[in-house]
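Read through the structure below, which is laid out as structure tokens, and then see the notes.
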Amino acid sequence: MADDIREGSAGPGLRKVARVILLGPDDRILLMHGYEPHDPSSTWWFTPGGGVEAGETREQAALRELAEETGITDVRLGPVIWERVCSFPFDGRRWDQDEWYYLARTEQTRTRTAGQTDLERRSVAGLRWWTAEELFATRETVYPTRLAELLRTLLDEGPPTAPVVLETERV
């Protein structure tokens, strides 16, 4: 379905976000290790991505955010595979987001964080490539919360024919 048709699904007041499920040559997924700027003991792992800027498509936002946050630019961007609405507190405010997750592949596994924003530099501890098995085994917080299961299904069955709508998450 075209972006302009599905764009209407974002509710009023929801920030439009493009996220990337980036898989390397060995099917590992790249995640960012985030923390609350005012409480570094509060940590979690999450996928690269961020808000859509004015005049930008979600595909453009996905590629721009990936390049800024990870330094990875040699990417084959695939379809939207998951969608979710989420709400969470971060950096002194509540973020209400309509997130689209794009599948992407790369052979480029070396990351660079020089393009991160000031807020990202104050809230991202690093990047790591994870296997599905490592995600299943971790006791650390990972978003979306079912990422290990979703990744295993993706690797076993391939991308869905239409985006899977994930449960709304409110933290």
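Overview of values
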{"read-out": "For the chain, accessible area per residue (1.4 Å probe, heavy atoms of protein chains only), Å²", "value": "51"}
{"read-out": "Value of [θ]222 nm, deg cm²/dmol, for the chain, DSSP H segments ≥ 4, -39500 (n - 2.57) each, nearest 500", "value": "-6000 deg cm²/dmol"}
{"read-out": "Quarter of the Cα convex hull surface for the chain, i.e. its orientation-mean projected area (nm²)", "value": "9.6"}
{"read-out": "Net charge over other residues, Cβ less than 10 angstrom from the Cβ of residue 111 (K, R count +1; D, E count -1)", "value": "+2"}
{"read-out": "Carbon/sulfur fraction of accessible area - the chain, other protein chains in place, 1.4 Å, %", "value": "50"}
{"read-out": "Length released on extending from residue 168 to residue 91, taking residue separation times 0.36 nm less the Cα-Cα span", "value": "25.6 nm"}
{"read-out": "Share, in percent, of DSSP beta bridges within the chain that are antiparallel, nearest 5", "value": "65"}
{"read-out": "Highest average packing first - 111-119, 124-132, Cβ atoms within 10 Å", "value": "124-132, 111-119"}
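The values are calculated or read from the model by the stated rules, or taken from the named source; none is laboratory data. Owing to the predicted nature of the structure, the values given are computational and were not obtained by experimental measurement. Quick reminder, even Gly has a Cβ in these numbers, built from the backbone with ideal geometry, and neighbours come from all protein chains shown. These area figures cover heavy atoms from the full protein model, side chains too; ligands, DNA and RNA do not enter into them. Shrake-Rupley method; radii C 1.70, N 1.55, O 1.52, S 1.80 Å.
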